[in-house]
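**Q** Just dropping this structure here.
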Amino acid sequence: MSIARVTIDLLNPVPVGTPLRLAQNKLREGKRLDLIALELLTGEKRLVRATILKVRGHARAGSAEAAEPDEAAHVPMPSRFASLFTIIPEQGGFERLQPASVWFRLNAPLLEGRATSPVAAMVAAADFGSGICAEFSYRDWAFPSLDLTVALARPPLGSWSRLDSQWLRCSEARATCITQLADAHGPCGNAMQSVFLERRNVTDRHSSGL
């Protein structure tokens, strides 16, 4: 079995530095596929709900040649989580207000004491899609993603994830972010996020340090 899809719904903000509990339930188990439900909780409060679809069979690997980016071109993004990544923009990027092509490499484990799989690293990187291709400035707008779905045609290889992201927007209240995912060997999947759009007021700017 290999992971074909990860769907994550963000129900409440996830606190930093607070003990969290993971609940797991297998919804379906078969010869062709497994479907697993996960919940992240603090106490009895549900923070995140997710499903993981695992499918039988060996997906085709990427090409033999790897095209890794130049680490010297790293451009940091302003968040604690982003500081865990090496970030290499090829086109656009945070606050460039256009479709973006950006490489990400996770440099620290997501869980202390556990190695991070290439799938987990790519899902973590995919969450940046809606931010790197935003059409509005972070200074004037808030645009949190409400969910994340990652569909993989094959397991990613290596430590680098490339995001080719753009917004699809038809109003000032909502956008959809579409991201093509690749590793250093070539394309391997897609991601989608629902994005909520809201203008910041002066108080928001001061409280966020802007």
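**Q** Putting +1 on Lys and Arg Cβ atoms and -1 on Asp and Glu Cβ atoms, find which of Leu146, Gln24, Ser161 reaches farthest to the positive end of the dipole of the chain.
**A** Value computed over the given set: Gln24.
**Q** In the stretch 1-83, if every C-alpha pair distance is counted and binned at 10 Å from zero, what percent goes to each bin?
**A** 14, 28, 27, 27, 4
**Q** Right, here's the next one. Do any GluC sites (Glu not before Pro) in the stretch 70-146 lie in a loop, going by DSSP, with at most 10 other beta-carbon atoms within 10 Å of their beta carbon, and if so which? Could the numbers behind the result be given before it?
**A** Numbers: sites: Glu71, Glu90, Glu95, Glu112, Glu135; in loops: Glu95, Glu112, Glu135.
Passing sites in the stretch 70-146 are Glu112.
**Q** Per residue, how much accessible area does the chain have with a 1.4 Å probe, in Å²?
**A** 58 Å²
**Q** Counting only C-alpha contacts under 8 Å and six or more residues apart, can you give the relative contact order of the chain as a whole percent? Show your work: numbers first, answer last.
**A** On the way: 484 pairs, mean separation 39.7, N = 210.
For the chain, the relative contact order is 19 percent.
**Q** Suppose R0 equals 35 Å; then what is the FRET efficiency for Gln180 and Leu41 from their Cβ-Cβ distance, rounded to the nearest 0.05?
**A** Details: r = 33 Å, r/R0 = 0.93.
That gives a FRET efficiency of 0.60.
**Q** Same structure again: Compute the distance in nm between two label points, each set 7 Å from the Cα along the Cα-to-Cβ direction, one at Ala173 and one at Leu20.
**A** 3.0 nm
**Q** At 7 Å along the Cα-to-beta-carbon direction for both Glu112 and Arg80, put a label point, then send me their distance in nm to one decimal.
**A** 1.3 nm
**Q** In the chain, what percent of the accessible surface is made up of carbon and sulfur (1.4 Å probe, ligands and nucleic acids excluded)?
**A** 52 percent
**Q** Once both labels are modelled 7 Å past Cα along the beta-carbon direction, what's the Trp141-Glu90 spacing in nm?
**A** 2.5 nm
**Q** Follow-up question, since we're still on this one. From Cα coordinates alone, what are the radius of gyration and Dmax values for the stretch 30-159 in angstrom?
**A** 16.8, 51
**Q** Only Cα pairs under 8 Å and at least 6 apart count here; give the relative contact order of the stretch 85-210 as a rounded whole percent.
**A** Normalised by residue count, the contact order of the stretch 85-210 is 26 percent.
**Q** Okay, next question. Using the Cα gyration tensor of the stretch 67-136, with a ≥ b ≥ c the square roots of its eigenvalues, what is the shape: rounded (a/c below 1.5), prolate (a/b larger than b/c) or oblate (neither)?
**A** Because a/c hits 1.5 or more and a/b exceeds b/c, the stretch 67-136 counts as prolate.
The values are calculated or read from the model by the stated rules, or taken from the named source; none is laboratory data. None of the values given here were measured: they were computed from a predicted structure. No Cβ is skipped: glycine too gets one built from the backbone with ideal geometry, and neighbour counts run over all protein chains shown. The area values use the complete protein model at the heavy-atom level, side chains included, leaving out ligands, DNA and RNA. Shrake-Rupley method; radii C 1.70, N 1.55, O 1.52, S 1.80 Å.
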